[in-house]
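The values are calculated or read from the model by the stated rules, or taken from the named source; none is laboratory data. Because the structure is a prediction, the values reported are computed rather than measured. Here the Cβ positions follow ideal geometry from the backbone for every residue, glycine too, while neighbour counts run over all protein chains shown. Each accessible area value is taken on the protein alone, full model and side chains, heavy atoms only, with ligands, DNA and RNA left out. Shrake-Rupley method; radii C 1.70, N 1.55, O 1.52, S 1.80 Å.
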Amino acid sequence: MPITPEDTVRWIRRIAVVLHENREYLTQLDSPIGDGDHGINMDRGFKAVIDKLPTVANMDIGSILKTVGTTLVSTVGGASGPLYGTAFLRASMATSGKHELYEADVVHMLEAALEGVKARGKAQPGEKTMVDALTPALAAMKEAEQQNAGLARLLRRGSDAAEAGMKATIPLLATKGRASYLGERSVGHQDPGATSSWLMLKALADTCA
Ligand code: ADP
Ligand code: MG
């Protein structure tokens with residue numbers, strides 16, 4: 001079964017719940033290598049998104065994701081607002097007019113989102129950012145698509161790969177964003193943005209399980 005607009009709304013609602021539950025955790029992760037606001041930023045952003053959702057709930061998937069993107073850009077400060085805002089806006093362009101997303105559409109959507117993050121933030125894999133969770137997730141989803149694994153498994157493999165990528169940020173030296181100001185002292189800490197990226201992809205896999 002494909003992802004529908006109703007699933008998309010459930011996914012976004014789930015993200016809001018999960019980010020709220022993980023507000024302290026994300027903020028703790030952002031304290032040693034940032035300014036301790038990542039959980040606050042993401043929670044604020046998705047609260048605003050939830051307020052806007054009723055206006056788009058009956059529209060196509062692209063319209064729903066567009067509202068998420070524009071709301072994040074306008075309500076979340078810091079690096080993550082424009083980056084996630086761009087990700088959702090690119091995802092919305094990739095799903096414009098669609099009421100059903102199949103495996104290839106999901107891969108296309110994540111690919112567009114990741115390209116948007118990279119274009120906006122100029123980070124490449126290995127720089128200790130959200131790119132380090134999103135890149136392996138996309139690779140795992142592409143592989144699952146080629147193997148005709150089915151949508152639920154594709155989403156789960158993507159989420160699991162994002163989790164592994166998130167954990168793999170711990171030994172990395174940050175060279176982008178606030179964490180880069182710490183140089184060598186950024187080593188040994190898990191990246192907060194990679195963590196929120198995993199949580200969002202896990203929310204999608206859980207929604208469509
Ligand atoms: P800020 O760093 O402005 O306080 P947040 O704390 O909300 O913003 O977000 C920090 C996260 O943003 C980092 O953990 C990292 O994953 C991500 N990030 C920062 N700069 C970049 C970048 N140039 N490219 C990709 N991701 C980035
Ligand atoms: Mg921060």
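Taking the residues in the stretch 176-199 that are under 19 Å from Pro136 (Cα atoms), part of a helix (DSSP H, G or I) and not hydrophobic (A, V, I, L, M, F, W, C) as candidates, determine which candidate is farthest from ligand 2 (Cβ to nearest atom). Checked the stretch 176-199; the qualifying residue farthest from ligand 2 (Cβ to nearest atom) is Ser197. Residues that are open to solvent by 10 Å² or more (accessible area, probe 1.4 Å) and either within 10 Å of ligand 1 (Cβ to nearest atom) or not in a helix (DSSP H, G or I) (or both) within the stretch 155-175 comprise Ala168, Ile170, Pro171, Leu172, Leu173, Thr175, listed in sequence order. If the condition is being in a helix (DSSP H, G or I) and over 12 Å from Leu204 (Cβ atoms), then the stretch 145-154 contributes Glu145, Gln146, Arg153. Just one of the listed residues (Ile40, Ile50, Ile64) is within 16 Å of ligand 1 (Cβ to nearest atom) and in contact with a helix residue (DSSP H, G or I) (Cβ under 9 Å, 6 or more places away or on another chain), and it is Ile40.
Comparison of Asn58, Asn22 shows that the only residue that is in contact (Cβ under 8 Å) with a residue 12 or more places away in the chain and within 16 Å of the chain's Cα centre (by Cα) is Asn22.
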